[in-house]
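Since the structure comes first, as structure tokens, the remarks are kept for the end.
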Amino acid sequence: MSHAYQSLTPDLVLDALEGVGLRGDGRLTALSSYENRVYQVQLEDGSAVIAKFYRPGRWSRAQILEEHAFAAELMDFEVPAIGPLALNGQTLHHFGGFDFSISPRRGGRAPELDDGEVLEWIGRFLARIHSVGSRQPFLQRPALNVATFAVEPMRWLIDHNMVPLDVQSAWTRGVEAAISAISAHPTLREATAGSGGHTADEIRVLRLHGDCHPGNILWTPADANPALGPGPHFVDLDDARTGPAVQDFWMLLSGDRQQRTRQLGALVDGYEQFREFDRAELALIEPLRTLRLIHYSAWLGRRWTDPTFPANFPWFGSSDYWQGQVQMLEEQLEAMQEDPLVV
């Protein structure tokens with residue numbers, strides 16, 4: 001079966017770069033990315049760039065350009081985000097059936113999230129991202145809510161026969177129960193598109209990184225990269241959406257409740273040096289985690305014709321996988337009934 005990247009050969013990558021004035025020396029390194037295809041490309045002048053080829057059909061060109069504009073806005077305000085280069089006056093290019101962008105190569109290591117000072121530093125920069133994100137709404141990119149992360153994914157999985165019949169009823173009941181519980185929070189129930197950046201319950205929504213997990217934060221030691229300076233810098237705005245600020249917090253939390261409370265406290269301490277954090281959003285952490293759980297299964301299902309996915313996720317589709325999803329949904333239903341973290 002054909003797949004989106006079947007024609008994306010090394011020669012096509014090099015030809016695409018040459019079309020925007022960058023001559024590679026033939027050395028390509030594929031970087032870890034399931035959604036898109038991302039390469040480090042060595043250039044003839046001795047430098048290197050990062051070439052990102054977007055998955056066809058995922059985002060419209062208008063949505064990609066809105067991501068690029070957000071990255072440029074962040075960089076204009078000296079937020080350490082890595083955005084695409086403008087080549088020939090454009091950040092988004094097209095070649096051989098693919099949209100692609102070119103970004104500078106920036107090094108760094110994973111942040112040490114057990115270090116309170118590191119978390120506080122990350123919190124300060126999240127506040128700066130959100131301060132920029134609150135300046136205006138996304139017009140093209142979708143919101144993070146029940147409709148986009150639960151209802152539509154559930155229907156897609158059922159309609160495409162992704163859930164085995166022996167688990168389908170239990171899984172559907174679990175998702176429907178989760179949707180009912182999450183819908184108690186108007187911020188996640190309502191479409192969040194403009195209107196002053198507020199929803200029915202007055203929790204502010206804004207432009208977010210959207211996928212702020214440790215793999216999308218690179219830590220630069222002091223004096224290691226003069227272009228960025230020491231501390232965190234944020235990569236991969238591919239999942240930038242509209243939503244509540246706490247979406248960019250919860251994926252940085254791990255461990256038991258005491259550990260997560262301590263981590264969250266450090267993040268908020270840093271955040272509030274630049275921007276107020278609304279404690280009411282803490283009640284959204286477990287609902288947001290549940291939405292991601294449902295959305296993730298549909299994400300895998302939609303990509304299954306891409307050979308990268310069966311090779312890396314061989315367990316997807318088995319009855320054991322879906323029974324595990326049912327169990328995790330049950331656990332999340334319990335977690336959503338618990339008192340939220342307090343900082």
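One table, with the values for the structure above:
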quantity: Yes/no for ARG124 being crowded, with 18+ Cβ neighbours inside 10 Å, closer than 25 Å to ARG241 by Cβ and out of contact with any helix residue (DSSP H, G or I) (no Cβ under 6 Å at 6 or more places or on another chain); calculated: no
quantity: Inter-residue pairs, beta-carbon under 9 Å, first assigned to a loop (DSSP other than H, G, I, E, B) and in the stretch 13-32, second polar (S, T, N, Q), 6+ apart; calculated: VAL20/ASN88; VAL20/GLN90; GLY21/ASN88
quantity: Any chance PRO314 is in contact with a His (Cβ under 8 Å, 6 or more places away or on another chain) and not small (Gly, Ala, Ser); calculated: no
quantity: Answer residue from the stretch 33-72, given it is part of a strand (DSSP E or B) and polar (S, T, N, Q) and is farthest from PRO137 (Cα to Cα) among those; calculated: GLN42
quantity: Identity of the residue in the stretch 318-327, surrounded by 14 or more Cβ atoms within 10 Å (Cβ to Cβ) and in contact (Cβ under 8 Å) with a residue 24 or more places away in the chain, that ends up nearest to ASN161 (Cα to Cα); calculated: TRP322
quantity: The one condition in (1) modelled with pLDDT of 95 or more; (2) loosely packed, with under 14 Cβ neighbours inside 10 Å that GLU73 fails to fulfil; calculated: (2)
quantity: Of the criteria (1) out of contact with any helix residue (DSSP H, G or I) (no Cβ under 8 Å at 6 or more places or on another chain); (2) among the hydrophobic types (A, V, I, L, M, F, W, C); (3) touching a residue at least 24 places away in the same chain (Cβ under 8 Å), which one VAL146 fails; calculated: (1)
quantity: Number of the exception - LEU206 against (1) outside any loop (DSSP other than H, G, I, E, B); (2) at pLDDT below 90; calculated: (2)
quantity: Hey, GLY174 out of contact with any strand residue (DSSP E or B) (no Cβ under 6 Å at 6 or more places or on another chain) and either modelled with pLDDT of 95 or more or not in a loop (DSSP other than H, G, I, E, B) (or both) or not; calculated: yes
quantity: Failed item in (1) under 22 Å from the mean Cα position of the chain (by Cα); (2) hydrophobic (A, V, I, L, M, F, W, C); (3) surrounded by fewer than 17 Cβ atoms within 10 Å (Cβ to Cβ), with ALA280 passing the rest; calculated: (1)
quantity: Residue in the stretch 296-312 that is farther than 27 Å from ARG155 by Cβ and either more than 19 Å from the chain's Cα centre (by Cα) or free of Cβ contacts under 8 Å to residues at least 24 places away in the same chain (or both) present; calculated: yes
quantity: Qualifying positions in the stretch 88-140 - basic (Lys, Arg) and either more than 16 Å from ALA71 (Cβ to Cβ) or modelled with pLDDT of 95 or more (or both); calculated: ARG109, ARG124, ARG128, ARG135
quantity: Within the stretch 77-104, considering residues that are among the polar types (S, T, N, Q) and in a loop (DSSP other than H, G, I, E, B), the one surrounded by the most Cβ atoms within 10 Å (Cβ to Cβ); calculated: THR91
quantity: Of all residues making up the stretch 258-313, the number that are more than 30 Å from PRO56 (Cα to Cα) and assigned to a loop (DSSP other than H, G, I, E, B); calculated: 7
quantity: Residue match in the stretch 294-317 (condition: closer than 20 Å to GLY174 by Cα and crowded, with 21+ Cβ neighbours inside 10 Å); calculated: yes
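The values are calculated or read from the model by the stated rules, or taken from the named source; none is laboratory data. These figures come from a predicted structure and were not determined experimentally. Neighbour counts run over all protein chains shown; Cβ positions are idealised from the backbone, glycine included.
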